[in-house]
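Quick notes on the structure that follows.
The values are calculated or read from the model by the stated rules, or taken from the named source; none is laboratory data. None of these values were measured; they are calculated from a predicted model. So basically every Cβ, Gly included, is an ideal-geometry build from the backbone, and we count neighbours across all protein chains shown. To get the accessible areas, we keep the full protein, side chains included, count just its heavy atoms, and leave off ligands, DNA and RNA. Shrake-Rupley method; radii C 1.70, N 1.55, O 1.52, S 1.80 Å.
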Amino acid sequence: MSRSRSWGVFCALLAILITGAGAPGSSAQTSAEGGVYPSDWMRGLEYRLVGPFRGGRVTAVAGVRSDARTFYMGSTGGGVWKTTDAGLTWRNVSDKVREDKPQEPARPMGDLAAAAPEPATRVRAGDAFGSASVGAIAVAPSDPNVVYVGMGSACIRGNVSPGDGVYRSTDGGESWKHIGLEQAGQIGKIRVHPTDSDLVYVAVLGHAFGPNPERGVYRSRDGGQSWQKVLYVSDKAGAVDLALDPNNPRILYAATWEVVRRPWEAISGGEGSGLYKTSDGGDTWRELTEGLPEGVKGKIAVDVSPAQPGRVYALVEHKEKWGLYRSEDGGKRFRLINSDRNLITRAWYYTHLTADPLDPNTVYVNNVGFWRSDDGGKSFSLLRVPHGDNHDL
């Protein structure tokens with residue numbers, strides 16, 4: 001039977017079920033054709049989900065540098081998923097599964113007939129994830145088996161869910177251990193040292209709906225066994241983005257964001273929003289201000305070019321001087337390069353920036369559209385993607 005015909009039969013059956021459900025207590029139900037069904041026929045019927053199977057929007061993705069077919073994605077309500085066939089099939093790796101119970105086979109996310117599902121696998125015993133919203137994923141560049149996941153998406157819509165800290169895997173997602181920061185709320189970014197998989201930095205935004213002191217940039221030198229808060233602005237402003245300079249991993253840039261989400265509004269911006277830099281691995285920080293807009297700033301995205309030492313891009317939400325800023329001297333001075341409103345639309349929800357690893361003049365901006373510049377940010381072209389809402393790259 002063809003798919004279109006199968007779908008037609010399914011819709012017809014569903015219509016019969018719906019029209020057959022009349023007022024409670026009636027002895028019989030009348031169908032669309034005028035026939036009568038005894039009410040007893042309907043008592044055992046229950047709704048069940050038949051698809052599509054997905055966990056909501058995705059705001060965190062990560063790839064494995066040594067394997068072009070392996071990726072992780074973190075949804076805002078469905079946990080962490082992994083593919084080993086370049087996205088053809090995905091399986092959930094964050095749900096708790098007993099040692100003696102095989103995990104459900106992977107499901108193709110596109111054409112159901114595109115490929116047979118992977119064989120069922122077993123997930124070894126470990127900590128169950130205490131939340132389902134994922135804010136950040138990072139694979140250690142020096143060891144693809146080490147994966148860090150920060151819970152709680154930092155793209156805080158009105159239906160945002162809080163996280164419960166950071167999880168770590170040392171076997172490529174087969175088992176996990178909760179490693180702290182339970183009150184992080186929402187986590188914006190995780191960066192791992194390029195040669196030391198135990199040295200990790202986490203940008204903690206904090207609670208979306210009110211102040212809390214567990215905000216800022218955290219550092220662990222022992223794979224999450226202990227944490228230091230190395231950058232703190234206030235209980236209203238947390239860290240939302242982090243960029244680590246691969247040419248000198250002692251240099252990091254952090255964007256802080258003062259924001260509060262209420263059921264009916266989002267207030268983005270305040271005295272706590274700013275851009276900071278450390279040159280000693282997080283021991284000390286200084287705020288970068290020269291060339292950036294004065295006054296109240298909102299959400300900021302930052303990235304450093306791996307292809308050209310000293311080149312830093314910053315995408316800044318501001319009431320008047322919004323746009324893409326660029327520095328050629330490691331953040332000492334910035335200048336406005338592009339004020340196209342498309343780059344900063346719905347800034348509290350987007351404001352994502354990625355510098356190309358090979359070309360210093362190529363930079364990407366994720367927003368409703370997916371934008372690329374090949375001239376250092378002066379102009380952008382729109383790249384066609386399957387759907388709007390682009391959050392990570």
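What to note about this one:
- The range 172-210, subset acidic (Asp, Glu) and at pLDDT 95 or above, residue farthest from the chain's Cα centre (by Cα): Asp196
- Given (1) more than 24 Å from the chain's Cα centre (by Cα); (2) touching a residue at least 60 places away in the same chain (Cβ under 8 Å), number of the condition Pro263 does not satisfy: (1)
- Matching residues in the range 234-255 - criterion: being among the β-branched types (Val, Ile, Thr) and surrounded by 23 or more Cβ atoms within 10 Å (Cβ to Cβ): Val240
- When the residues of the range 352-393 are filtered to those that are assigned to a loop (DSSP other than H, G, I, E, B) and touching a Pro at 6+ places or on another chain (Cβ under 9 Å), the one that is most open to solvent (accessible area, probe 1.4 Å) is Leu358.
- Matching residues, the range 256-287, being closer than 16 Å to Ile156 by Cα, of a type in the set (A, V, I, L, M, F, W, C) and open to solvent by less than 10 Å² (accessible area, probe 1.4 Å): Trp257
- Those residues of the range 163-189 which are at negative phi and open to solvent by less than 10 Å² (accessible area, probe 1.4 Å), in sequence order: Val166, Tyr167, Ser169, Ala184, Gln186, Ile187
- Residue count for the range 119-148, restricted to those that are at pLDDT 95 or above and either under 19 Å from Asp67 (Cα atoms) or of a type in the set (Lys, Arg) (or both): 12
- The sole residue among Val139, Val204, Val160, Val192 that is among the aliphatic types (A, V, I, L, M) and open to solvent by less than 10 Å² (accessible area, probe 1.4 Å) is Val204.
- Figure legend. Inter-residue proximity from the range 287-302: first residues closer than 21 Å to Thr354 by Cβ, second residues hydroxyl-bearing (Ser, Thr, Tyr) and open to solvent by 10 Å² or more (accessible area, probe 1.4 Å), beta-carbon distance below 6 Å, spacing 6+ or different chains. Indicated pairs: Gly298/Ser268; Lys299/Ser268.
- Summed over the range 207-222, the residues that are of a type outside the set (A, V, I, L, M) and buried (at least 19 other Cβ atoms within 10 Å of the Cβ) give a count of 6.
- Subset of the range 234-254 [among the hydrophobic types (A, V, I, L, M, F, W, C) and in contact with an Asp or Glu (Cβ under 8 Å, 6 or more places away or on another chain)]: Ala237, Ala243, Ile251, Leu252, Ala254
- Top-ranked residue in the range 293-351 [being among the polar types (S, T, N, Q) and assigned to a strand (DSSP E or B); ranked as surrounded by the most Cβ atoms within 10 Å (Cβ to Cβ)]: Ser327
- A Cβ distance below 8 Å, combined with a sequence gap of six or more or placement on separate chains, defines the contacts here; from the range 208-228, residues that are over 25 Å from Trp348 (Cα atoms) reach residues that are part of a loop (DSSP other than H, G, I, E, B) and hydroxyl-bearing (Ser, Thr, Tyr) in the pairs Ser220/Ser226; Gly223/Ser197.
- The lone exception for Asp329 - which of (1) in contact (Cβ under 8 Å) with a residue 40 or more places away in the chain; (2) more than 21 Å from Gly216 (Cα to Cα); (3) among the acidic types (Asp, Glu) it fails: (1)
- Checking Arg261 against (1) of a type outside the set (A, V, I, L, M, F, W, C); (2) closer than 26 Å to Gly180 by Cα; (3) at pLDDT 95 or above, the condition it does not meet: (3)
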